[in-house]
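Q: Starting off with a structure, shown below.
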Amino acid sequence: MTEKFGAKSTADEVLAGVDLKGKRFLITGVSSGIGLETARALAAHGASVVGAVRDLAKAERVTASVRDAASQGGGSLELIELDQASLQSVRACADRLLADGRRFDSIIANAGVMATPLGRTADGFELQFGTNHLGHFALVTRIEPLLADNGRLVVLSSQAHRVADVDLDDPNFERQAYDPWLAYGRSKTATSLFAAEFDTRHRDRGIRAASVMPGNSLTDLPRHLSQEDLQGLFETVGKARAEAGLPPAELKDIPQVAATSVWAAVVADKDEIGGHYLEDCAVAPINDTPNPFADGVRSYALDADKAKQLWARSEALISVT
Ligand SMILES: NC(=O)c1ccc[n+]([C@@H]2O[C@H](COP(=O)([O-])OP(=O)(O)OC[C@H]3O[C@@H](n4cnc5c(N)ncnc54)[C@H](O)[C@@H]3O)[C@@H](O)[C@H]2O)c1
């Protein structure tokens, strides 16, 4: 595997010299942040990008940078409506893609919400688990026949997976006190487990899947946090890392924070990244320290048995609505 790229690489640097004409990508959440930059970079290199978004009118306005890049680079952008917090919307989106029938070389399951107050999706699932995991699970498993043989699935996870393993008995916080960070952490462990099990199930078609920790960046993601909450978070993380003798966690800018997604979706050797958790354009090492602020991926987020159990639980949850 190439060791050429790292924490400071940008999406354009990762794609330098790569011609994506004729390649198709589905990306969820292209209206802001990492998804918007991922779409822009891929389109600038000639890719046909389908961006799945909750609000089509807003997305039309804010994706001008993607259309400009596409017109210069020979790529294109199509938008499709998708509310991941509604299984009806997810199924409608999937069925439109299936009816269209065109295949995708990579699917990037990027959209997400973080540290929301307790909320429920249209189907009654806890909002973060429902949006970040079940919405993607329902979409991707339905459109899986559209993923090209040798295609890739990239699922956005987070360092927040280190907060907690999934809770398969009470995934929707019906029998325990709600904590926004616990819910976010569990939802991101779920996204890594989903990628790991998808990889296991589809490897024989040459399809590989990986989860990505993009790096920390000030996108719209902390929209549910006040300035004080955000400041408190930075202080807590900084103190905990200093106490553990670790360097401060650095913020990335937006082009950098999209780099690992495009690396995983296009450039990396898919057989070397398949089933893994990626960070800074590399496979992250397993680190089972109890300190949630220390680097690396916790092994519970890639555990094969837990991944199978989560898959079965997710199928059961989405099939009853
Ligand atoms: N920014 C960071 O520091 C960071 C760190 C680790 C992981 N991540 C992950 O990266 C991904 C992208 O986050 P970002 O930082 O670009 O945040 P962002 O808030 O800028 O973008 C998230 C996107 O998801 C979309 N979205 C949210 N709920 C949706 C729903 N119900 N249906 C459809 N779309 C929905 C939003 O509209 C938005 O376009 C997320 O999965 C996030 O958890 C981000």
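Q: So which residues in the range 102-122 are more than 10 Å from the ligand (Cβ to nearest atom) and under 25 Å from Pro145 (Cα atoms)?
A: Residues satisfying the conditions are Arg102, Arg103, Phe104, Asp105, Ser106, Ile107.
Q: Just to verify a result, which residue in the range 149-175, among those that are of a type in the set (A, V, I, L, M, F, W, C), part of a loop (DSSP other than H, G, I, E, B) and in contact (Cβ under 8 Å) with a residue 40 or more places away in the chain, is surrounded by the fewest Cβ atoms within 10 Å (Cβ to Cβ)?
A: Filtering first and then ranking leaves Leu168.
Q: Quick check on my filter: what residues within the range 129-152 are charged (D, E, K, R) and more than 16 Å from the ligand (Cβ to nearest atom)?
A: Across the range 129-152, the qualifying residues are Glu144, Asp149, Arg152.
Q: Any idea how many residues of the range 90-139 are part of a helix (DSSP H, G or I), acidic (Asp, Glu) and in contact with a helix residue (DSSP H, G or I) (Cβ under 7 Å, 6 or more places away or on another chain)?
A: The number of residues fulfilling the criteria is 0.
A quick yes/no check of all residues on (1) of a type in the set (Ser, Thr, Tyr); (2) farther than 27 Å from Lys188 by Cβ; (3) within 13 Å of the ligand (Cβ to nearest atom):
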site	(1), (2), (3)
Phe25	no, no, no
Ala39	no, no, yes
Ala52	no, no, yes
Ser89	yes, no, yes
Asp100	no, yes, no
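Q: Being among the β-branched types (Val, Ile, Thr) and either within 13 Å of the ligand (Cβ to nearest atom) or surrounded by fewer than 22 Cβ atoms within 10 Å (Cβ to Cβ) (or both), is that true of even one residue in the range 30-37?
A: yes
Q: So, Gln256, is that one within 22 Å of His202 (Cα to Cα) and either away from the ligand (no atom under 16 Å from the Cβ) or touching a helix residue (DSSP H, G or I) at 6+ places or on another chain (Cβ under 9 Å) (or both) or not?
A: no
Q: While we're here: Consider only pairs whose beta carbons are under 6 Å apart and that are at least six residues apart or on different chains; among these, list those whose first residue lies in the range 262-273 and is of a type outside the set (Val, Ile, Thr) and whose second residue is assigned to a helix (DSSP H, G or I).
A: Trp263/Val14; Ala264/Ile273
Q: I need a count of the residues in the range 209-224 that are touching a residue at least 12 places away in the same chain (Cβ under 8 Å), more than 6 Å from the ligand (Cβ to nearest atom) and over 21 Å from Val140 (Cβ atoms).
A: 4
Q: Out of curiosity, is Asp55 surrounded by fewer than 20 Cβ atoms within 10 Å (Cβ to Cβ), under 14 Å from Val262 (Cβ atoms) and of a type in the set (Asp, Glu)?
A: no
Q: Now a separate question. So how many residues does the range 258-280 have that are touching a Ser or Thr at 6+ places or on another chain (Cβ under 6 Å) and closer than 20 Å to Ala160 by Cβ?
A: Selection size over the range 258-280: 5.
Q: Still on this structure, I have one more. Which of (1) in contact with a Gly (Cβ under 8 Å, 6 or more places away or on another chain); (2) on the phi > 0 side of the Ramachandran plot; (3) surrounded by fewer than 24 Cβ atoms within 10 Å (Cβ to Cβ) is the odd one out, the single condition Ala44 does not satisfy?
A: Only one criterion is unmet by Ala44, namely (2).
Q: Give just the number: which of (1) of a type in the set (A, V, I, L, M); (2) surrounded by 21 or more Cβ atoms within 10 Å (Cβ to Cβ); (3) more than 12 Å from the ligand (Cβ to nearest atom) does Ala242 not satisfy?
A: Only one criterion in (1) of a type in the set (A, V, I, L, M); (2) surrounded by 21 or more Cβ atoms within 10 Å (Cβ to Cβ); (3) more than 12 Å from the ligand (Cβ to nearest atom) is unmet by Ala242, namely (2).
Q: Out of the residues in the range 176-185 meeting the condition of being among the small types (Gly, Ala, Ser) and surrounded by 17 or more Cβ atoms within 10 Å (Cβ to Cβ), tell me which one is farthest from Asp204 (Cα to Cα).
A: Ranking the candidates gives Ala183 first.
The numbers here are math on the coordinates, done by the rules we state, and not lab data. Because the structure is a prediction, the values reported are computed rather than measured. Here the Cβ is made from the backbone with ideal geometry for all residues, glycine too, and neighbour counts use every protein chain on show.
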